[in-house]
Each structure stands twice: as C-alpha cells, then as structure tokens.
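Single-structure report; data block below.
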Amino acid sequence: MKIVVVVGARPNFMKAAPILKAIREFNGMRGEWAGAIQPILVHTGQHYDTKMSDAFFADLEMPVPDVFLGAGSGTHAEQTAEIMKRFDPVLLREKPDVILVVGDVNSTLACALVASKMPSTCRPAIAHVEAGLRSFDRNMPEEINRILTDQLSDFLFVTEESGVRNLRKEGVAASKVHFVGNTMIDSLREYESRAETSPIMRTLDLAKGRYALLTLHRAANVDERESLAEILEGISELSKLMTVVFPAHPRTQKKICELGLGRYFSESIRIVGPLGYLDFLCLMKHARIVVTDSGGIQEETTALGVPCVTARDNTERPVTIDVGTNLLGGTRRDTIAKAIRIQLASKARTSLPDLWDGRAAARIIGILGDRYMPADAMAAHAGTGQIVQNAR
Ligand code: UD1
C-alpha cells in the first residue's frame, strides 16, 4: 500500500504523527510483509516558522518530509491555489493508493481536491482523519474545509459520535464512515510523561495549578480591534487572580502590534511566543484553567481533565462539553468572565469520550490495510497485536 500523508499547519502534526508511527510499526514486523506500506510524507508549507513547524517535527519524532511544497501564507484563495498547483505533480508522479489528510486547514481541502480530480486511472482513495465535525457556522473557513473534504473522501475517520450523526444527515454512505477515536489524543497519551521533563514551568517561574493559559488566533477573534479587546477585557478579572500565560500565534502577535493593544500585556497577562508541543502540553496539564479559541485544545484539555473556556459561540467538538471539561464562553467580555467564574467554581471532571484511548491510528491503519493489503499481511500483523480493528 502506497500512502501519501499530508501535513501543512501546526494542528496537523500531532494528528498525523501517530499514523506515521503506526505505519513504521507495521513495516517493522518480521517476515515477508516487512516494509509493505510505503508512506510518503508531504508538507505543504502552510506553516513554515521554526516554532510553528520544525519544533513539532522534533518533539513528535516525525521523519523529515519526503516532499516539501513551500506554499506559505496568502489569502485563502492564494494559499489553497498554491498548495493545489504544487501538490498536483506530486500525485501524478507518485500514484499512491491512498492520500490521507487530517483536520480542517486549507492544506486539508486543497490536497483532497487535487486527489479527487486525478485521472480515473490513477485516482487515489481519499482518507480524512477527523471527519464529520461541524460547527454549523459557515463563516469559519475551517467549516467550509470540513464539509468539502468530507464530500470528497472515501474513508471518513471520525473522532466523536456527533461526527457519525452529522455525516449520516449529510447522506454520506455508512460504509465510508469509521468511528476510530482521536489521533490527537494518541499523541497526547504518548508524550504526556515526556512533557513532564519540559523546563517550561521553571523558565516561566510558574507553580502547578496556579496559573491560567490563554491562546487566541482565529481571524474572527484577533483581526478586529474591538473583538480582540473584548476578549482581553473578558480575562482581566482572571488575570487579577492568577498569572495568565499567553503563547501567541504569529498572526496574533502581529495583530496586537498593528491594533495597538500592547497595553493589555504585563506581568499578569504574559505574552510568550509560540511554544513547542512538549512545552505546551506541560503548561496545559498543570494549568488551573485554559481559555482558548482553538479546536484541538478543547479536546486536549478534556483528555487531561483541565477546565477550559472556549472563546467562541459554537464548537464542532460537542463531546468536549457533554462529557468533557469545556464550556463555551462566547466572545463578549461579560460572557467570557462568567464562563471563567463557573469553571473555576466547578468540580473536576475526568470522564473520557469513547475511543479516546490512544489507539486511533492503529485502527486507521487496520481499516486501510484491510482494503489495500493482502489478507496474509494483515493476519501476520494482527499477530503482533499492534493493529486494532474498527471498534464499531
Ligand atoms: C491555520 C488554520 C487554523 C488552525 C491554525 C493553527 C486554515 C484556514 N486555518 O490558521 O484552522 O487552527 O492554522 O495555527 O487553514 N504565519 C506566520 N508563520 C507561520 C504561519 C503563519 O507568521 O508559520 C502568519 C502569517 O502572517 C499568515 C498568518 O499567520 O498570514 C495566518 O496563517 P494561515 O496559515 O493563513 O492561517 P492560521 O491563522 O495559522
């Protein structure tokens, strides 16, 4: 089985790393099927700063990409088009059986679209990891990326039950949908103990459970002065109770300067640059509370049992509210402050969503292998106990 794995932006790396590892484990087995999966790792270059990309490859022990497209930033149209133009010849040359895309960023849709338009003689199957999530807010570029990628995909790997329901309502054939769990949580479980060795708490002089962690990068929250100032006002009460550490995305840092909002930041709200995976995981694990507009952090805090306030009006990850630790805080100062108060007063929750057990990537490789590999190969590998069959 030849499989092209696409990554492009920061939140892709921790979702793809466990899949690459599951492939390595398959290939490492003894006997005639050793090396029978040929992975080709393609990095689109949507994120290119060392701190947004290389640092994650190092922390997550990912191999150097086989192909780097260097697409870079731009408007959505420019970025999507540039990735498509650069990915097209790669697929024509490599002719894989499967292309696997993760998440909901522009790279995800751009590469799925290119694959779907390959000539029928060499059109690969498209596998989407994190399929079916819906915020029902089409103002979010990620929502458009999710809907369209799912429409184009042949294998829809779903992280939570809501995804299965959403895809059913959209008329996606049940045979394409596989509820496998969450590869982002595979990474979290794998690196949780190593994250404890991170020096970040000492570097920032923080004590466990006595600081808050903030991340903001969504265009709707950070691009306009009024929206960003409103959220920062919403956390001012929290910043009087404890230090708020704010590892800011380059986009957010740029906007804070352009919009003249530097006055919000001092010792009580401390801006630091983007952090690596292990440092951030360590900070998340020991935070008293996390305030964020990220998708993935809602899930990671649920897995860690850390209270989270999401500075948005909706979430495409409702399981983080239903069984997890997440609460929607909206984007107004009073709603955010209220959500923070509720979370600080509530008891810890520790239940985990179904199948967030660290074995999602093994399920994915099991399902793809059953379709593209000889039964002998899968049987030999099942003997090693590494492949986990679809649980449902
Ligand atoms: C992208 C994803 C978003 C994800 C986020 C995580 C889309 C539509 N959005 O948003 O879903 O949550 O990544 O980070 O794909 N920049 C740098 N260095 C970099 C990358 C970006 O300085 O390495 C700056 C540039 O000014 C760039 C801006 O950030 O124009 C936005 O980058 P872009 O990739 O367009 O979107 P993100 O906001 O990062």
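Computed over the chain, relative contact order equals 16 percent, with contacts defined as Cα pairs under 8 Å that lie 6+ residues apart.
Simple point charges give the picture: +1 on the Cβ of Lys and Arg, -1 on the Cβ of Asp and Glu, and for segment 240-391 a dipole about the Cα centre of about 780 debye. Simple point charges give the picture: +1 on the Cβ of Lys and Arg, -1 on the Cβ of Asp and Glu, and for segment 237-286 a dipole about the Cα centre of about 100 debye.
Distance between the pseudo-spin-label points of residue 233 and residue 254 (7 Å out from Cα toward the beta carbon): 2.7 nm.
Excluding same-chain neighbours fewer than eight residues apart, the lysines reachable from residue 85 by a Cα-Cα span under 21 Å are 95, 117. Taking a straight line from the alpha carbon of residue 21, these lysines sit under 16 Å away, with near neighbours fewer than eight places off in the same chain left out: 2.
Its Cα centre serving as origin, the chain has a Cβ charge dipole (Lys and Arg +1, Asp and Glu -1) of approximately 380 debye. Projecting the Cα positions of 157, 139, 232 onto the charge dipole of segment 124-253 (unit charges on Cβ atoms of Lys, Arg, Asp and Glu, taken about the Cα centre) puts 157 furthest along the positive direction.
Only one residue of 35, 53, 18 has its Cα farthest out toward the positive end of the dipole of segment 18-61, where Lys and Arg carry +1 and Asp and Glu -1 on Cβ, and that residue is 35. Packing here is the average count of other Cβ atoms within 10 Å per residue, and on that basis the peptides 111-124, 298-311, highest first, run 298-311, 111-124.
Of all DSSP beta bridges located in the chain, what percent are antiparallel, nearest 5?
The antiparallel proportion sits near 0 percent.
List the lysines whose Cα lies under 27 Å from the Cα of residue 338, skipping any in the same chain that are fewer than 8 positions away. Within the straight-line limit of under 27 Å, residue 338 reaches these lysines: 208, 240, 255, 285, 347.
Computed from the coordinates by the stated procedures, all read-outs in this text should not be read as laboratory data. The model shown is predicted, which means the values in this text are computed figures rather than measured ones. Ideal geometry is used to build each Cβ from the backbone, glycine not excepted, and the neighbour counts take in all protein chains shown.
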